[in-house]
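The values are calculated or read from the model by the stated rules, or taken from the named source; none is laboratory data. Just so it is clear, the structure is predicted and the values come from calculations on it, not from any experiment. Virtual Cβ from ideal backbone geometry, glycine too; neighbours counted across all protein chains shown. Accessible surface is based on the protein model in full, side chains and every heavy atom, while ligands, DNA and RNA are left aside. Shrake-Rupley method; radii C 1.70, N 1.55, O 1.52, S 1.80 Å.
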Amino acid sequence: MNTEKDFSPLTPNIVRALNDKLYEKRKVAALEIEKLVREFVAQNNSTQIRHVIQILASEFALSQHPHSRKGGLIGLAACSIALGKDSGLYLKELIEPVLTCFNDSDSRLRYYACEALYNIVKVARGAVLAHFNLLFDGLSKLAADPDPNVKSGSELLDRLLKDIVTESNKFDLVAFVPLLRERIYSNNQYARQFIISWIHVLESVPDINLLDYLPEILDGLFQILGDNSKEIRRMCEVVLGEFLKEIKKTPSSVKFAEMANILVIHCQVADESKVTNDLIQLTAMTWMREFIQLAGRAVLPYSSGILTAVLPCLSYDDRKKNTKEAASACNYSLMKLVTPEDDDDEDDERSGSVESPAREDKGDGGDGDTLNASQEAAGFSNISFFAPASIDRSHVTLDLDGIVRVLDRHLHEASTGMMTRITVLKWLYHLYIKTPRKMFRHTDSLFPMLLKTLSDESDEVILKDLEVLAEIASSPAGQMGPGATCDGVDSGLALKVPDKAGKTGGAESSPSTPSMNSYFYKFMINLLNRFSVERKLLESRGAFIIRQLCLLLHAENIFHSMADILLKEEDLKFASTMNYKHAYDLIQKFGGLEVTVDFLMEVDKLVQLVESPIFTYLRLQLLDVEGNPYLIKALYGLLMLLPQSQAFQLLSHRLQCVPNPELMRTVDGSERADAKKRGVAACERAPHGHVDYGELLRHFDCVQGKHLEVRHQRSGRVAELPDRKLM
């Protein structure tokens, strides 16, 4: 430094001492500066005061010489002490050169800078809050300083600044939040510890409402929650716990929607191998549970995002028991929020009118489609997030389209766990109960996957799946007006629904005998087709599925429709497999029924039918004893039900003609094949049509609106069969 330069009002002795390498001499110079500045304060000479500060800053604190920088730092601290309460007028000039020294490569100089700033802040107290962001920025860097002395000095300064903020009511939170939002993403442990300690302090000050700005820092807090340091994780847990307590106290002022995206993201674990991720997920799921309970129906527009986060967690094992329980609570609370009022269209509620069928046929519309389209455009096609509520929305709208997409995706994914699949099916059933009109718009897209789910390995999944399918088949929302037709379709293929099943409303409809809609026959056709294609499913689960359907829907509907459909079955082996074993099982159940005259008359009619020409194919099947054991057992069962009457004698004589299976085994393979071909040819001559399942489904897709009680008569080509209730 040029000692000949004029540094007045600083004397040459002061200048030499400030540049000295010894701390004691620099301290003496600082005392002289303090005395000089006090005189200027007494004279109210602000010009000279600023001149002294400017010299100490530019010529010393910012000098290239290390000892000069040290002298400048202690000189600036002396100025602040001399100024006392007036130091607030010169804080910018005092603080900025000291903060610059925080970046010095010399650790001792960084320590002296901490010491100088400590003295400046201690004197100025609340006045330093106007420069809080500068101080915070500097301290956040020193918090990660490798030198222990520097770190110790910064901690002293940090505690002093926290005391000042706690005591003051002039803290500018709005100006500070952007800096906090930026620094909260630091990966350094010490910087994270510094940040989390400040958030804890600010959150505890009554006059500072940090909760309003929680959406801006919540994601960063969850990032810190995954830190490798146990102490930092504990501190972050405490802070998040305090925020959650405050949210519970003042839910009306909480910005739930703005934080929901963050919770959805952190409820999903990217790397399950990291223990810290389990803590993040559990905490986020706990927050989600509280949000749903506190916000109520206000979260319904964002339900697809919640389900995206919650559903996978329901299949966790006991290692993540707490997360699974929190997810289950979220799911239960969300499901309770869906009510029948969500089945009303937005336009209906505004106009007070009932939606016309033409409007209903157009499918989904309104805000739901706009929202989901924007999500897809933004690249969120594979995940459903929360979306901010529309400012002009006057009421809560259920995001049904988004929910169905999430549920359908989890049904399609092979990796979906069993409990998740069960919950998905529970959701579908719940939605069909609460919002049937809107849900039936999605039935065509859901139907194939629901049928495929019947092949699931879990019996519980199949039970829930059958409940959904049964609700679809019997819901009044699936009914169309009678007489609806489709041009160009041969309605002669229409199947007749039993009278009791075909009626809608009225005294005939009850839980024990539910009304069937057009989806009922579509379901039965698809079910039998699946049995035909997947014989293992038929063998392992066929009886189980049929029994459950008989419990969920009226048994007469099930067996009557099966018989009606199987009349058109070309695979006679499959047809015999379906009718005969169930017929035998049914006859076994008759033993527990009261045998009345009407009952015996029905059995008598059945015996007469067996002996009629139209059932020639059935009598020929008695030749294949090993291939049709249940047919023979069923006929013997009927024989045992009958008293010794003419019908008894007729059936008994017929059964006596059944060949001995041992004798039938002597026939060689080629002869047996010829015999089977002759049986098939005889069956093909039976007076019934041949329609494959694809043709039946195409027909029912086109004539869903047609009243299924009426069979189209084709100019005498179709002969009505006698009464066949028991078939």
- Report the accessible area of TYR23, computed with a 1.4 Å probe over the heavy atoms of all protein chains in place, in Å² rounded to the nearest 10. 80 Å²
- Query: Per-residue accessible area for ASP137 at 1.4 Å probe radius, Å² rounded to 10?
  - Reply: 40 Å²
- Message: If I model a spin label at ASP444 and VAL597 as a point 7 Å from the Cα along the Cα→Cβ vector, what separation in nanometres do I get?
- Response: 5.4 nm
- Task: Set the Förster distance to 35 Å, then compute FRET efficiency between MET418 and LEU294 from the Cβ-Cβ distance, nearest 0.05.
- Result: 0.65
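Between TYR185 and LYS255, what is the FRET efficiency for a Förster distance of 25 Å, r being their Cβ-Cβ separation, to the nearest 0.05? Before the final figure, lay out the partial values.
Values: r = 20 Å, r/R0 = 0.82.
Computed FRET efficiency for TYR185 and LYS255 comes out at 0.75.
Pull out the extension gain between LYS25 and ILE614, defined as 0.36 nm times the separation in residues minus the alpha carbon to alpha carbon distance; nm, one decimal. Present the calculation step by step, with values, prior to reporting the outcome.
Values: separation 589, 0.36 × 589 = 212.04 nm, distance 12.54 nm.
Here the segment from LYS25 to ILE614 would lengthen by 199.5 nm.
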- Message: Full-extension gain between LYS605 and THR166, please, as 0.36 nm times their residue separation minus the C-alpha to C-alpha distance.
- Response: 148.5 nm
- Where labels lie 7 Å past Cα in the beta-carbon direction, separation of LYS426 and ALA42 in nm: 8.3 nm
- Mind grabbing the accessible area of CYS550 for me, 1.4 Å probe, Å², rounded to tens? 30 Å²
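Any of LYS522/LYS605; LYS21/LYS170; LYS255/LYS426; LYS21/LYS230 with alpha carbons more than 32 Å apart? Name them for me. The partial results should precede the final answer.
Details: LYS522/LYS605 30 Å; LYS21/LYS170 41 Å; LYS255/LYS426 30 Å; LYS21/LYS230 44 Å.
Flagged as over cut-off: LYS21/LYS170; LYS21/LYS230.
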- Task: Would you kindly state how much longer the chain becomes between GLU534 and ALA175 on full extension, computed as 0.36 nm times their sequence separation minus their alpha carbon distance, in nm to one decimal?
- Result: 122.5 nm
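Determine, from the Cβ-Cβ distance of GLN644 and GLU556 and an R0 of 25 Å, the FRET efficiency 1/(1 + (r/R0)^6), rounded to the nearest 0.05. Can you show the working numbers first?
Numbers: r = 29 Å, r/R0 = 1.18.
The calculated FRET efficiency here is 0.25.
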